[in-house]
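Peer 1: Just dropping this structure here.
The values are calculated or read from the model by the stated rules, or taken from the named source; none is laboratory data. None of the values given here were measured: they were computed from a predicted structure. Positions of Cβ are backbone-derived with ideal geometry, glycine not excepted, and every protein chain shown enters the neighbour counts.
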Amino acid sequence: MRRHPCRGEASRHVTPSSASPSQKGAAVGRGIGIGLMYGLWKPRVLGAWRVPATGPVILAVNHAHNLDGPMLMGTSPRPVHFLIKKEAFIGPLGPFLERIGQLKVDRSAPDRTAITGALDVLAGGGVLGIFPEGTRGEGDFASLRAGLAYFAVRSGAPIVPVAVLGSTERRGRLIKALPPLRSRVDVVFGDAFQAGDSSGRRTRKALDDATVRIQERLTAHLENARHLTGR
């Protein structure tokens, strides 16, 4: 929960690099996501208007199923650049994910390339998608890694909590690993908030404190989303 990405990088000014993830690619990815998610399932999207229409923003998403990322890509009102584990970038899927503006991250150690790419997305006014739990699990925000706090405090970008609900309730008949085709999946966006304490500090304690604040907000949003959707 307390692991920080590259401690020495916090003092550098954030400007987009020439190798920034493609925003046009992310827009293409969003179009593909819309077609697939609405074609195969029945997403119900609540609160999408809470995502700022312009400027950098971080979408913090619970993660209980492999469908959660693609579902958000297809239902978010703006194109999303996700931090995705490097193990997903195998075979032809790797170049495809890169072309649609997604970011490969090595979860076993601080990944400077992924950190730079994520900060570039935010510096360019884009949308960064993060699974703050670091890996797929219960999807209840019970244990957060410090990466989300680092990106939020470093960039000053607001965080929008997102709850994806219904992806794990039932198994499909044709493909057991996926929800039944044409079943409903709820995507609930919460109110944007700042993770920092307005002091501008980027110390270990400041990031730890920000992580605690973030977890409280994400947990509260998930509880509200479950109440709202009846799930």
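Peer 1: Looking at segment 78-95, which of its residues are out of contact with any helix residue (DSSP H, G or I) (no Cβ under 9 Å at 6 or more places or on another chain) and either at pLDDT 90 or above or among the small types (Gly, Ala, Ser) (or both)?
Peer 2: Narrowing segment 78-95 to residues out of contact with any helix residue (DSSP H, G or I) (no Cβ under 9 Å at 6 or more places or on another chain): 85, 87, 90-93, 95.
Within segment 78-95, GLU87, ILE90, GLY91, PRO92, LEU93, PRO95 meet the criteria.
Peer 1: Just to be sure before I move on: is ALA60 over 16 Å from the mean Cα position of the chain (by Cα) and at pLDDT 95 or above in the structure I sent? Steps first, please.
Peer 2: Numbers: over 16 Å from the mean Cα position of the chain (by Cα): no; at pLDDT 95 or above: yes.
When the stated conditions are applied, ALA60 does not pass them.
Peer 1: Something else now. Just give me the residues in segment 202-231 being free of Cβ contacts under 8 Å to residues at least 24 places away in the same chain and more than 30 Å from LEU40 (Cβ to Cβ), in sequence order. Please lay out each step first, then the result.
Peer 2: Let us first name the residues in segment 202-231 that are free of Cβ contacts under 8 Å to residues at least 24 places away in the same chain, namely 203, 205, 209, 212-213, 216, 220, 223, 227, 230.
Matches in segment 202-231: THR203, LYS205, ASP209, VAL212, ARG213, GLU216, ALA220.
Peer 1: On to the next question. Could you please find all residues in segment 1-56 being part of a loop (DSSP other than H, G, I, E, B), of a type in the set (A, V, I, L, M, F, W, C) and at pLDDT below 90? Before you say what the answer is, go through the steps one by one.
Peer 2: In the first step, residues of segment 1-56 are kept if they are part of a loop (DSSP other than H, G, I, E, B); the result is 1-6, 12-22, 41, 47, 51-56.
Subset that is of a type in the set (A, V, I, L, M, F, W, C): 1, 6, 14, 19, 41, 51, 53.
Passing the criteria: MET1, CYS6, VAL14, ALA19.
Peer 1: Next up: Counting only residues that are in a strand (DSSP E or B) and charged (D, E, K, R), how many does segment 173-193 have?
Peer 2: Filtering segment 173-193 down to residues in a strand (DSSP E or B) leaves 184-189, 193.
In the following step, the residues that additionally are charged (D, E, K, R) were identified as 184, 186.
Total satisfying the criteria: 2.
Peer 1: For segment 173-193, give me each residue that is under 24 Å from PRO52 (Cβ atoms) and surrounded by 15 or more Cβ atoms within 10 Å (Cβ to Cβ).
Peer 2: Filtering segment 173-193 for residues under 24 Å from PRO52 (Cβ atoms) gives 185-193.
Across segment 173-193, the qualifying residues are VAL185, ASP186, VAL187, VAL188, PHE189, GLY190, ALA192, PHE193.
Peer 1: Moving on. Select from segment 28-63 the residues that are closer than 22 Å to ALA192 by Cα, small (Gly, Ala, Ser) and surrounded by 15 or more Cβ atoms within 10 Å (Cβ to Cβ) and list them in ascending order.
Peer 2: Pass one, segment 28-63, residues closer than 22 Å to ALA192 by Cα: 30, 43-63.
Add one more test, that the residue is small (Gly, Ala, Ser), and what stays is 47-48, 53, 55, 60.
Selection gives GLY47, ALA48, ALA60.
Peer 1: Give the residues of segment 64-77 that are crowded, with 17+ Cβ neighbours inside 10 Å and in a loop (DSSP other than H, G, I, E, B), sorted by residue number.
Peer 2: Within segment 64-77, ALA64, HIS65, LEU67, SER76 meet the criteria.
Peer 1: Sticking with this structure for a sec: Can you tell me which residue among ARG170, ARG201 is over 20 Å from the mean Cα position of the chain (by Cα), assigned to a loop (DSSP other than H, G, I, E, B), modelled with pLDDT under 95 and loosely packed, with under 12 Cβ neighbours inside 10 Å?
Peer 2: On the way: ARG201 fails: loosely packed, with under 12 Cβ neighbours inside 10 Å.
Unique residue meeting the criteria: ARG170.
Peer 1: Please enumerate the residues belonging to segment 89-127 that are in a helix (DSSP H, G or I) and hydroxyl-bearing (Ser, Thr, Tyr). Reasoning before the result, please.
Peer 2: Initially, segment 89-127 is screened for residues in a helix (DSSP H, G or I), giving 93-99, 112-123.
Those that are in a helix (DSSP H, G or I) and hydroxyl-bearing (Ser, Thr, Tyr): THR113, THR116.
Peer 1: Another one. Looking at segment 133-140, is at least one residue modelled with pLDDT of 85 or more and either touching a His at 6+ places or on another chain (Cβ under 6 Å) or surrounded by fewer than 21 Cβ atoms within 10 Å (Cβ to Cβ) (or both)? Steps first, answer last, please.
Peer 2: Keep residues of segment 133-140 that are modelled with pLDDT of 85 or more, which gives none.
No - not one qualifying residue is present in segment 133-140.
Peer 1: Then there's this: Hey, does segment 84-91 have a residue that's under 15 Å from PHE189 (Cβ atoms) and hydrophobic (A, V, I, L, M, F, W, C)? Reasoning before the result, please.
Peer 2: Of segment 84-91, the ones under 15 Å from PHE189 (Cβ atoms) are none.
No; the residues of segment 84-91 include none that is under 15 Å from PHE189 (Cβ atoms) and hydrophobic (A, V, I, L, M, F, W, C).
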